[in-house]
Amino acid sequence: MECPHLNSSVCLAVDSSRFPNGSPSSWCCSVCRSNKSPWVCLTCLSVHCGRYVNGHAKKHFEDTQSPGGSQRRCEKQEKERTQHSVCMDCSSYSTYCYRCDDFVVNDSKLGLVQKVREHLQSLENSAFVADRHRKRKLLDGSPLNSKLLKDSGGASALCATGLRNLGNTCFMNAILQSLSNIQQFCCYFKELPAVELRSGKTAGRRMYHTRSQGDTSVSLVEEFRKTLCSLWQGSQSAFSPESLFYVVWKIMPNFRGYQQQDAHEFMRYLLDHLHLELQGGRNGAARSTLPQDGVKLPAGGKCCINGTSTVVTSIFGGVLQNEVNCLICGTESRKFDPFLDLSLDIPSQFRNKRTKNQESGPICTLRDCLRSFTDLEELDETELYVCHKCKKRQKSTKKFWIQKLPKVLCLHLKRFHWTAYLRNKVDTYVEFPVRGLDMKCYLLEPENSGPESCLYDLAAVVVHHGSGVGSGHYTAYASHEGRWFHFNDSTVTATDEDTVVKAKAYILFYAERPAKAGADPKL
C-alpha cells in the first residue's frame, strides 16, 4: 500500500554510529537481546524484535503513542504520534507502517526509505565479505582445516545464497531455491543472453515492486534468469528478488500484495508463464525455444502444455492416459493429458497420523499416495461419465496410467482440503525415498522402458510449516553437488539426509537418474 506517513516518520540522515555492530540480519533487539527477526525504527534507528518473537518493535511504536498528562506538551506529542510508526526488516528490507498496519511499497519524497535500504544492504554485504575473508585466511593458514573443508564440501556452503523475504514471500523463495537446484533447468536459463528491457533515463536503474510503476517492458524469463545467476555465486549472503517479484505482480495479479500464497499454485503459474514467454519471445527479446545441449525435446512435442515445446515442458512435461469405462455397456474411453506435476491425495486412512513415531501401525508412504492416484476407482454421483454409446451419464470407473515420464518428476501432496467453511491442512507425515524412486509399475507400457529409465533421485523438497494455507511458513531442502542444504528465506544452512527425510513434504522434485548409474533399493 501507499503509506502517507513516510515524510514524518523517516529520519533525514542515516547515522552508522547508532547501529549495532555486525550484519543487520543478526542484530539483537535492544530490549530482549534476541537476534531473531530484527526490525529498525526509521525515526530513531533503534532495533527491536518482530511481533512473532517478543513484539518489541510494535511495543516501541505503541509507547510513543501514549498520551501524557501535561497539556503544554500536546503539540509535541501530536507530532511524535506521527513518528516511530515505520520500520524496516533488517533481513528482507521490506518496510512496514504500524499506523497503516500494512507493508509499504512507496518511498518518501526524498527517497529516504531507499537510502536506508541501501545502507543496510551495504552493511550486510560488508559483514559477509569480512566473514568470508576471515574464513579463507584461517583456511589458508591451516592445511588440515583446508583438507577438512574440501572433504566436507564446505566450499559449496560458502557459495550458497539465500533469498530475502519481501513480506510473506517465503512461498516464492522456496520454489525458486528448489528450481535453482534442478541442474538442467537452471543451467538453461543461466546460459541465456541478457536482455536490456529499459533505455534512456531508466537504464540500469533498479526497479522495486510498487503498484504505481507504469513500466510495461517486463520479462519474466529475464528476471528469472538474473535471479538464478545471483544464487550459488557466493558474492552475497542473501539476494533480494524484488525485481522478479515486481514482474510477478505485473503478469500474475493473483499474487499481488503481501499475503501468504500457496507455493504449489505459484510454481504452476511461474512454469506456465515461463513456458508461454519462451514460446513467444516477448518485449522484442527473441528467445530460442530449444534447450541447450544435453536437453532433448520430445519428438513431435507431445508433452507440450500449449503449442511448441520449451525447456519447461521438455524437463517437467509428462503424459497421462486417462482411461474411463462405462459400467453399463462396457465402452472404454481413453484420453492423453500432458502434465507438469502430479497432485497426489494422502489416503484417508493415514490422515490422523501426524508424525513418523506418533503411534503404532503403518506409516503413509509416497508409494501409498502414488497407488491411490493410479488405482482403479468408481466415479461418484457428482462425476458421472457421459457414455457416447449409452448417450447419457452412467456409472463408470476411472484409472490413470503414466504414458511418458518426465526428466524431472514433480509430486505435489494435497495437504489442503476445503471443508464447509475453511481450508484445513492434512498434517500427516509421508515417508519418501531419497534415492531409487521406481516409477516403472505406474507406466502404461513398462516393457518398453529400460531398467534404469524409471529410477529417480530426490533433488528438492518444499515444506509448509503451520496449520493453514493462508498462514505458516515455507522452506526448502535441496541437494547441490552431493550436499543437502536447508533454505529458509535469507538463511542457508548445510544439513543431512536424516533431517531431510523427516520433513513433512509438500512438493517433491525427483530427477531422472542417468542410465549409467547403478541400481539402488527401490521404493
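With SER240, SER178, SER230, SER235 as the choices, which residue is buried (at least 20 other Cβ atoms within 10 Å of the Cβ), within 24 Å of ALA460 (Cβ to Cβ) and at pLDDT below 90?
Every option except SER240 fails the conditions.
Might you check whether a residue that is under 22 Å from CYS29 (Cα atoms), at pLDDT 85 or above and open to solvent by 60 Å² or more (accessible area, probe 1.4 Å) occurs anywhere in the range 96-106?
Yes, because at least one residue in the range 96-106 is under 22 Å from CYS29 (Cα atoms), at pLDDT 85 or above and open to solvent by 60 Å² or more (accessible area, probe 1.4 Å).
Every residue in the range 327-345 that is more than 22 Å from the chain's Cα centre (by Cα) and modelled with pLDDT of 85 or more, please.
Once the filter is applied, which keeps residues that are more than 22 Å from the chain's Cα centre (by Cα) and modelled with pLDDT of 85 or more, the range 327-345 yields PHE336, ASP337, PRO338.
Considering only residues that are more than 22 Å from HIS275 (Cβ to Cβ), of a type outside the set (S, T, N, Q), in a strand (DSSP E or B) and touching a residue at least 24 places away in the same chain (Cβ under 8 Å), which ones fall in the range 313-332?
Within the range 313-332, GLU323, VAL324, CYS326 meet the criteria.
Quick check on the range 297-309. Is at least one of its residues part of a loop (DSSP other than H, G, I, E, B) and at pLDDT 90 or above?
No, there is no match, as no residue in the range 297-309 is part of a loop (DSSP other than H, G, I, E, B) and at pLDDT 90 or above.
Based on what the data block shows, is SER217 of a type in the set (Gly, Ala, Ser), in contact with a helix residue (DSSP H, G or I) (Cβ under 9 Å, 6 or more places away or on another chain) and either open to solvent by 50 Å² or more (accessible area, probe 1.4 Å) or at pLDDT below 80 (or both)?
Spelling it out, SER217 is indeed of a type in the set (Gly, Ala, Ser), in contact with a helix residue (DSSP H, G or I) (Cβ under 9 Å, 6 or more places away or on another chain) and either open to solvent by 50 Å² or more (accessible area, probe 1.4 Å) or at pLDDT below 80 (or both).
Answer with yes or no whether PHE255 is modelled with pLDDT under 90, in contact with a helix residue (DSSP H, G or I) (Cβ under 6 Å, 6 or more places away or on another chain) and within 23 Å of TYR506 (Cα to Cα).
When the stated conditions are applied, PHE255 passes them.
For the range 18-32, which positions are out of contact with any strand residue (DSSP E or B) (no Cβ under 9 Å at 6 or more places or on another chain) and surrounded by fewer than 20 Cβ atoms within 10 Å (Cβ to Cβ)?
Passing the criteria: ARG18, ASN21, GLY22.
Here are some residues: GLU277, GLU265. Which one is charged (D, E, K, R), in a helix (DSSP H, G or I), open to solvent by 20 Å² or more (accessible area, probe 1.4 Å) and modelled with pLDDT of 85 or more?
Only one candidate qualifies: GLU265.
Kindly indicate the residue of the range 359-398 that is over 14 Å from GLU323 (Cα atoms), open to solvent by less than 100 Å² (accessible area, probe 1.4 Å) and of a type in the set (S, T, N, Q) and also nearest to the chain's Cα centre (by Cα) among those meeting that condition.
Among residues in the range 359-398 that are over 14 Å from GLU323 (Cα atoms), open to solvent by less than 100 Å² (accessible area, probe 1.4 Å) and of a type in the set (S, T, N, Q), the one nearest to the chain's Cα centre (by Cα) is THR365.
Of all residues being in contact with a helix residue (DSSP H, G or I) (Cβ under 7 Å, 6 or more places away or on another chain) and open to solvent by less than 30 Å² (accessible area, probe 1.4 Å) in the range 444-460, which is modelled with the highest pLDDT? Just the residue, please.
The residue in question is ALA460.
Can you find, within the range 325-343, the residue that is surrounded by the most Cβ atoms within 10 Å (Cβ to Cβ) among those that are hydrophobic (A, V, I, L, M, F, W, C) and more than 30 Å from VAL462 (Cα to Cα)?
Going through the qualifying residues, I end up with CYS326.
Of the residues ALA494, ALA505, ALA511, only one is at pLDDT 90 or above, open to solvent by less than 30 Å² (accessible area, probe 1.4 Å), hydrophobic (A, V, I, L, M, F, W, C) and on the phi < 0 side of the Ramachandran plot; which?
Selected residue: ALA505, the only one of ALA494, ALA505, ALA511 that is at pLDDT 90 or above, open to solvent by less than 30 Å² (accessible area, probe 1.4 Å), hydrophobic (A, V, I, L, M, F, W, C) and on the phi < 0 side of the Ramachandran plot.
The values are calculated or read from the model by the stated rules, or taken from the named source; none is laboratory data. Predicted model only: the values in this text are computed from it and were never measured. Cβ sites come from the backbone with ideal geometry, for glycine too, and all protein chains shown count toward neighbours. To get the accessible areas, we keep the full protein, side chains included, count just its heavy atoms, and leave off ligands, DNA and RNA. Shrake-Rupley method; radii C 1.70, N 1.55, O 1.52, S 1.80 Å.
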